[in-house]
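The values are calculated or read from the model by the stated rules, or taken from the named source; none is laboratory data. What you see is a predicted model, and the numbers here were worked out from it, not measured in a lab. Cβ placement follows ideal geometry from the backbone for every residue including glycine, while neighbour counts extend to all protein chains displayed.
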Amino acid sequence: MYPEYVSEHFLMSQKTLLDATEIHIALHRLACQLIEKHDNFTNTVLIGIQPRGGFLAKRLVTILENDYKIKNIQSGLLDITFYRDDFRRSEKPLAANETAINFVVENKKVVFIDDVLYTGRSIRSALTAIGDFGRPTEIELLTLIDRRFSRHLPIQPDYRGRQVDAIGGEKVKVCWQENEGEDAVYLIKEQI
Amino acid sequence: MIELSVNHLLGIKYITEEDIQLIFETADHFKEVIQRPIKKVPSLRDITIANLFFENSTRTRLSFELAEKRLSADIINFSAGSSSVKKGESLVDTVNNILSMKVDMVVMRHPNPGAGVFLSKHINASIINAGDGAHEHPTQALLDCYSIRERLGDVAGKNVVIVGDILHSRVALSNIFALQKLGATVKVCGPKTLMPRYIESLGVQFEPNLIKALNWCDVANMLRVQNERMDISYFPSTREYTQQFGLNKKILDSLDKEIIVMHPGPINRGVEITSDVADSKQAIILDQVQNGVAVRMAVLYLLASKIKRNDS
């Protein structure tokens, strides 16, 4: 369609939604909100939704342990690939990720952690998946970015870093220091 | 890579090393799934699978059935003994009749080599070969290699000896292909009469001496003596076979290093291996069975993901 020398940067525009400082502030606020509700986390487990929620979960655990001196927080990773409702529907094949839940979730309060809440379908799958590990007393949702007005299901976050209005063709990308080399959230638009 | 290069699993011969690695990585995830309190995922709930067993099988059929159920597929079972095959119906007719009931995948065991390949050319469903005569038994080879990988970290660079009846064994042929694709060196050992004539054309060396073979290898895969497939006498007596090619604890303990002992089952205890070897720490026979479910789940999942949905 375009000659090869037209790089994809010409066709896309990128806007910064959150920079490193803003992410730092948002993470500390989210950590405090979690403490408000869950006290010392004795009966609460944090579960990062794969593939991207693990980074956020790990950050929050670090903040809770180092800055707020909360010990022995149980956290894990949940992969939802085998529970997705678009198996054999999407063009791209789905690749599974690691699930690491080395504790009992029965009668625990579970907090799902994901970077972006968009249609809500991942969370619906996660709700089904966690049921295979036990019956939590309560499940909450924490998300760094909440793309409101784009939900397909009646799912809302209990804790949110920032609410964003983004339309269908736009993409929200969350970058982490440990993975992409910087902390930032971008809104990416395809110009054509 | 996140997709298989094939639409059927007819044999290890037809798939690539990348395919095998993808199956292993997916099996790792399913292995975790089957440790959960609820050992089931909903991925294949809109898939119907027919298990067609034209030949007797216990563990392969149970393993496939369990794998299918743990992926939430609907299944129908068929065994030749109790069917119209006895009335003279052809294979294509039998299968087409079953397929007209809207079956998406077929798991088939058949006494004739190439039955799976033949079927894949005539019917429109994803086919998994669960053993075709003395040809291939791909899922057995995959779970064997998966078990080696689990115990030793990697299959590449390992020395594996397959002992016993290579001539009649589909497990041996599939294992040779899989091990070689993954970078292992394979030798075969057993009575000369039970060696295929051109075995060395596969890049496999024949070693007539069991002790030498065991001293060379990291893994010994002890095959079952398949009395039911032997129409003539290939060795004088079972006792003589055991004396020359049977593995006992004394031999195992006399080796310089600790080797891994595998067996595809069912075991003839006291013939190809003794009970104390089969139950020793070095034997991973029960791990093979456990891994079989995870590996078969991976194969079914990956092949199902290639079936096009037809919603209209």
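When segment B:102-152 is examined, which residues are found to be farther than 16 Å from B:A172 by Cα, out of contact with any strand residue (DSSP E or B) (no Cβ under 9 Å at 6 or more places or on another chain) and in the same structural domain as B:I260 (by TED's automatic domain parsing)?
The answer is B:R149, B:E150.
If you check every pair at least six apart or on different chains, which have Cβ atoms under 8 Å apart with a residue in segment A:61-83 that is in contact (Cβ under 8 Å) with a residue 40 or more places away in the chain first and a residue that is in a helix (DSSP H, G or I) and surrounded by fewer than 19 Cβ atoms within 10 Å (Cβ to Cβ) second?
These pairs meet every condition: A:Y83/A:T128.
Being among the β-branched types (V, I, T) and in contact (Cβ under 8 Å) with a residue 60 or more places away in the chain is the filter; apply it to segment A:84-121 and report the residue that is nearest to the other protein chains (Cβ to nearest Cβ).
A:V105
To keep it simple, each residue is scored yes or no on (1) closer than 30 Å to A:F133 by Cα; (2) surrounded by fewer than 17 Cβ atoms within 10 Å (Cβ to Cβ); (3) among the basic types (K, R); (4) in contact with a Ser or Thr (Cβ under 6 Å, 6 or more places away or on another chain).
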| residue | (1), (2), (3), (4) |
| --- | --- |
| B:F30 | yes, no, no, no |
| B:Q35 | yes, yes, no, no |
| B:I49 | yes, no, no, no |
| B:F78 | no, no, no, no |
| B:S90 | no, yes, no, no |
| B:N97 | no, yes, no, no |
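For segment A:153-184, how many residues are touching a Leu at 6+ places or on another chain (Cβ under 9 Å) and either free of Cβ contacts under 8 Å to residues at least 24 places away in the same chain or not β-branched (V, I, T) (or both)?
Within segment A:153-184, the first condition is being touching a Leu at 6+ places or on another chain (Cβ under 9 Å), and the residues that meet it are A:155-162, A:164, A:166, A:170-174, A:176, A:183-184.
Applying the additional criterion that residues be either free of Cβ contacts under 8 Å to residues at least 24 places away in the same chain or not β-branched (V, I, T) (or both) yields A:156-162, A:166, A:170-171, A:173, A:176, A:183-184.
The qualifying residues number 14.
Can you name every residue in segment B:128-150 that is hydroxyl-bearing (S, T, Y) and under 8 Å from the mean Cα position of the chain (by Cα)?
B:T139
Just checking, how many residues over segment A:122-152 are away from chain B (no Cβ under 14 Å) and either modelled with pLDDT of 95 or more or not in a loop (DSSP other than H, G, I, E, B) (or both)?
Looking only at that region, the number is 14.
Based on what the data block shows, is A:T81 hydroxyl-bearing (S, T, Y), within 14 Å of another protein chain (Cβ to nearest Cβ) and surrounded by 19 or more Cβ atoms within 10 Å (Cβ to Cβ)?
On the way: hydroxyl-bearing (S, T, Y): yes; within 14 Å of another protein chain (Cβ to nearest Cβ): yes; surrounded by 19 or more Cβ atoms within 10 Å (Cβ to Cβ): yes.
For A:T81, the condition - hydroxyl-bearing (S, T, Y), within 14 Å of another protein chain (Cβ to nearest Cβ) and surrounded by 19 or more Cβ atoms within 10 Å (Cβ to Cβ) - is met.
Just need a number here: residues in segment B:207-235 that are farther than 28 Å from B:Q21 by Cα and either outside any loop (DSSP other than H, G, I, E, B) or among the β-branched types (V, I, T) (or both). Full working, then the answer.
Here is the first cut: in segment B:207-235, the residues farther than 28 Å from B:Q21 by Cα are B:207-212, B:215, B:225-235.
The next check asks that each one be either outside any loop (DSSP other than H, G, I, E, B) or among the β-branched types (V, I, T) (or both); those that pass are B:210-212, B:215, B:225, B:227-229, B:232.
Counting residues in segment B:207-235 that are farther than 28 Å from B:Q21 by Cα and either outside any loop (DSSP other than H, G, I, E, B) or among the β-branched types (V, I, T) (or both) gives 9.
Out of the residues in segment B:221-251 meeting the condition of being within 16 Å of B:Q282 (Cβ to Cβ) and without any contact (Cβ under 8 Å) to a residue 60 or more places away in the chain, tell me which one is surrounded by the fewest Cβ atoms within 10 Å (Cβ to Cβ).
Among those that are within 16 Å of B:Q282 (Cβ to Cβ) and without any contact (Cβ under 8 Å) to a residue 60 or more places away in the chain, it is B:K250.
Looking only at helices (runs of 4 or more DSSP H) that lie completely in segment B:1-106, which have at least 2 residues being closer than 30 Å to A:E106 by Cα and more than 14 Å from chain A (Cβ to nearest Cβ)? Before the answer, list the steps.
On the way: elements: B:17-33, B:59-70, B:91-99.
Where helices (runs of 4 or more DSSP H) fall fully within segment B:1-106 and carry at least 2 residues being closer than 30 Å to A:E106 by Cα and more than 14 Å from chain A (Cβ to nearest Cβ), they are B:59-70.
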